Amino acid sequence: MTGGPAIAVEGLVKRYGGRTVVELAKGVLAHTTGVDMAAAYRLLVERALDNGTTLTETAGDVLNQAQPRD
């Protein structure tokens, strides 16, 4: 994949909208932290508020951090 994970997340936002990215990030958080989807959403919102970023930006960060590194 050329451009790396950040480009891939940006492409998801452009193609499907921010809600899809948020839903994917909720799944990642639920899987990695062992919580249900409602709790994962709350974690995502808390991170966004703590970082002063939008929910979509925060979700993108979660997805980028979940990408395997070379």
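Test Val45 against the stated conditions and say whether it is modelled with pLDDT under 85, surrounded by 12 or more Cβ atoms within 10 Å (Cβ to Cβ) and out of contact with any strand residue (DSSP E or B) (no Cβ under 6 Å at 6 or more places or on another chain). No; evaluated as a whole, the condition is false for this residue.
When only residues in the range 21-42 that are loosely packed, with under 14 Cβ neighbours inside 10 Å and of a type in the set (A, V, I, L, M, F, W, C) count, which is nearest to Ala8 (Cα to Cα)? The qualifying residue nearest to Ala8 (Cα to Cα) is Met37.
The values are calculated or read from the model by the stated rules, or taken from the named source; none is laboratory data. From a predicted model like this one, the values you see are computed outputs, not experimental measurements. In this analysis, Cβ positions are derived from the backbone assuming ideal geometry, glycine residues included, and neighbour counts consider all displayed protein chains.
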